[in-house]
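Asker: Let me begin by handing over the structure; questions about it come next.
Please treat every number below as a calculation from the coordinates, not as lab data. Just so it is clear, the model here is predicted, and its values are computed rather than measured. Every residue, glycine among them, receives a Cβ derived from its backbone with ideal geometry; neighbour counts consider all protein chains shown.
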Protein chains: 2
Amino acid sequence: MMSDDLLKAHISDTMEIAEPLLDSICASFDEMEVRKGEYVLRQGNPCRFEAYVCRGCFRIFVIDEKGNEKILYFAEADWWLMDIDSFMNRSASVLNIQALEDSVILSISQQEKDNLYQRFPTVEKFFRLMFQKAVVAWQRRLIRNHTQTALERYQYFLQKYPGIAVRVTDRHIASYLGISHEFLSKIKKKTAV
Amino acid sequence: MMSDDLLKAHISDTMEIAEPLLDSICASFDEMEVRKGEYVLRQGNPCRFEAYVCRGCFRIFVIDEKGNEKILYFAEADWWLMDIDSFMNRSASVLNIQALEDSVILSISQQEKDNLYQRFPTVEKFFRLMFQKAVVAWQRRLIRNHTQTALERYQYFLQKYPGIAVRVTDRHIASYLGISHEFLSKIKKKTAV
DNA sequence: GATATTCATTGAACAAGTTCAACTTGGAGA
DNA sequence: TCTCCAAGTTGAACTTGTTCAATGAATATC
């Protein structure tokens with residue numbers, strides 16, 4: 001199936017891995033369709049899955065005590081969906097994950113994942129590398145937040161994620177950047193002139 | 001040696017592991033003393049080591065284009081020191097790591113670490129868990145940065161890291177919080193009243 | 001023990017970003 | 001096609017945080 005092929009390519013891009021092992025790994029994932037607007041996770045519930053995005057686009061966000069949504073990141077094809085905090089600590093999730101378009105994901109349950117870890121040491125390596133890359137990404141993001149203005153962060157976003165920039169609303173982009181949507185609008189006007 | 005015992009406790013707190021394996025792992029680390037003010041890493045150089053802090057305190061910071069230092073985090077006993085970005089991508093480091101006190105660390109070279117990964121699959125698991133926890137920490141940090149004011153972040157820092165708060169200067173704390181040291185001073189005055 | 005040097009504090013002027021309210025535009029659904 | 005609702009824009013007042021400059025307190029160095 002095509003969805004499995006994407007995941008296989010994703011894994012073998014990360015490291016050397018034998019084809020039969022790839023098959024076994026992919027067999028533990030379930031393909032799911034998610035319609036635009038649907039949630040794959042709501043805060044308060046424990047996150048008992050991890051999912052690989054094959055097609056579509058999601059937003060991962062929190063809601064603060066004033067009721068404002070704050071987007072942590074967007075996930076399009078080739079990204080992962082999960083609340084790793086909730087998943088590893090078996091706690092209530094603080095994250096919400098919602099499809100912004102009709103999407104297709106490959107999902108694996110906590111149980112199946114534990115199984116994979118126990119059966120195949122190579123799976124440990126793959127996720128070790130994946131989390132290592134995630135740490136790098138978060139660290140770079142914090143550095144940008146501490147050294148760049150809102151305008152610079154906006155321009156970086158446009159340049160780094162042109163695909164996402166055209167699919168999501170400006171309100172969502174502003175939320176991701178950590179600014180109000182009114183201010184984003186004013187920033188855009190400046191750059192346009 | 002006492003330093004090894006700390007690292008052993010750190011590892012076996014994270015997961016089940018046999019004693020002889022712990023010994024083998026620790027044997028790959030070298031104990032080093034670092035004097036106050038000394039750097040274990042300077043930006044521009046590749047980071048070819050990871051280090052576990054046994055005693056003392058460090059700051060991990062970047063320097064932006066205006067020459068301002070921005071502290072990403074502090075590391076006291078039981079924390080790790082590295083530029084994971086530089087380490088995994090074999091690129092020039094953007095981070096600086098400096099001892100704020102006379103300190104003791106256990107350091108492992110890139111080569112020795114690759115060795116460990118190849119000899120012991122369990123080591124993959126340990127670092128997979130470690131990076132997973134790191135992702136959780138960075139994610140929580142971003143959420144706080146996007147939902148809390150400078151005052152709230154300061155109070156959280158005091159409550160979460162009381163040990164660090166008394167060892168480092170207010171300038172460093174301000175830099176960590178992402179605000180000017182003058183503004184931190186004004187915040188402190190408010191809370192004191 | 002004297003002297004630099006760095007650190008914390010404070011005030012005033014300024015810049016960056018928010019909030020609220022009003023208005024316009026553009027789709028999605030009936 | 002019409003309607004309605006959500007998205008984007010703009011302005012004014014406001015809040016949060018910065019910058020620069022001056023001062024006193026605390027540390028390190030010789």
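Asker: If I build a Gaussian network model for chain B, linking alpha-carbon pairs within less than 10 angstrom, which residue out of B:19, B:33, B:50 has the largest mean-square fluctuation?
Answerer: B:19
Asker: Next question. Hey, rough spin-label estimate for residue A:91 and residue A:137, points 7 angstrom out along Cα→Cβ, what's it come to in nanometres?
Answerer: It is 2.2 nm.
Asker: Now for a separate question. Express the relative contact order of segment B:16-131 as a whole percentage, based on alpha carbon pairs under 8 Å and six or more residues apart in sequence.
Answerer: Relative CO of segment B:16-131 lands at 37 percent.
Asker: Okay, moving on. Under 18 Å from a point 7 Å along the Cα-to-Cβ line of residue B:149: which residues of segment A:48-83 have their amide N that close?
Answerer: A:64-68
Asker: Calculate the FRET efficiency for residue A:68 and residue A:33 from the Cβ-Cβ distance with a Förster distance of 45 Å, rounded to the nearest 0.05.
Answerer: Computed FRET efficiency for residue A:68 and residue A:33 comes out at 0.90.
Asker: Expressed as a whole percent, how much of the Cα-Cα distance distribution for the protein assembly as shown exceeds 27 Å?
Answerer: 55 percent
Asker: Inside 10 Å of the C-beta atoms of B:121-127, what's the mean count of C-beta atoms belonging to other chains?
Answerer: Numbers: counts 5, 2, 2, 10, 6, 2, 6.
For this peptide, the per-residue mean of nearby foreign Cβ atoms is 5.
Asker: Between residue B:118 and residue A:115, take the C-beta separation as r, use R0 = 22 Å, and let me know the FRET efficiency to the nearest 0.05.
Answerer: Values: r = 24 Å, r/R0 = 1.10.
With R0 = 22 Å, the Cβ-Cβ based efficiency is 0.35.
Asker: While we're on this one: Across peptide B:145-151, what mean number of C-beta atoms from other chains lies inside 10 Å of a residue's C-beta? Display every interim value, and only then the final one.
Answerer: Numbers: counts 6, 13, 8, 2, 0, 0, 0.
Counting other chains' Cβ atoms within 10 Å and averaging over B:145-151 gives 4.
Asker: How large is the charge dipole for the protein assembly as shown, taken about the Cα centre, if only the Cβ atoms of Lys, Arg (+1) and Asp, Glu (-1) carry charge, to the nearest 20 debye?
Answerer: Dipole about the Cα centre, nearest 20: 2020 debye.
Asker: Can you show me the helix-derived [θ] at 222 nm for the protein assembly as shown, built from DSSP H runs with n ≥ 4 at -39,500 (n - 2.57) apiece and divided by the number of residues, rounded to the nearest 500. Walk me through the intermediate numbers first.
Answerer: Details: 18 runs with 202 residues, N = 386.
Calculated from helices alone, the mean residue ellipticity at 222 nm is -16000 deg cm²/dmol.
Asker: Another question, if that's okay. Could you pull the copy-to-copy label distances for residue B:115, with points set 7 Å along Cα to Cβ, in nm to one decimal and sorted shortest first?
Answerer: 3.9
Asker: Here's something else I'd like to know. With 19 Å as the limit, write out which pairs from A:133/B:133; B:36/B:160; A:113/B:133 have Cα-Cα distances beyond it, or answer none. Show your work: numbers first, answer last.
Answerer: Values: A:133/B:133 13 Å; B:36/B:160 24 Å; A:113/B:133 17 Å.
Distance filter (> 19 Å) returns B:36/B:160.
Asker: Same structure, new question: Among rounded, prolate and oblate, which fits chain A when a ≥ b ≥ c are the square roots of the eigenvalues of its C-alpha gyration tensor, a/c under 1.5 means rounded, and a/b larger than b/c means prolate?
Answerer: Here chain A falls in the prolate category.
Asker: Going Cα to Cα from residue B:190, which lysines come in below 16 Å? Please leave out same-chain ones fewer than 8 positions away.
Answerer: Qualifying lysines at Cα under 16 Å: none.
Asker: On to the next question. Between residue A:170 and residue B:180, what FRET efficiency comes out of the Förster formula 1/(1 + (r/R0)^6) with R0 = 25 Å and r the beta carbon distance, rounded to 0.05?
Answerer: 0.25
Asker: Okay, next question. Please find, in a Gaussian network model of chain B (springs between Cα atoms separated by less than 10 Å), the residue of B:49, B:87, B:131 whose mean-square fluctuation is greatest.
Answerer: In this elastic network of chain B, the residue with the biggest mean-square fluctuation among B:49, B:87, B:131 is B:131.
Asker: What is the antiparallel percent of DSSP beta bridges lying wholly in the protein assembly as shown, to the nearest 5?
Answerer: Restricted to the protein assembly as shown, the bridges split so that about 100 percent are antiparallel.
Asker: Further question on the same structure: Just report the Cα centroid separation between segment A:91-159 and segment A:29-75, whole Å.
Answerer: Using only Cα atoms to place each centre, the spacing works out to 12 Å.
Asker: Give the residue list of trypsin sites (Lys or Arg not before Pro) in segment B:110-193 that are DSSP loop and have at most 16 other beta-carbon atoms within 10 angstrom. Show your work: numbers first, answer last.
Answerer: Details: sites: B:113, B:119, B:125, B:128, B:133, B:140, B:141, B:144, B:153, B:160, B:167, B:171, B:186, B:188, B:189, B:190; in loops: B:167.
Passing both the DSSP loop test and the Cβ count: B:167.
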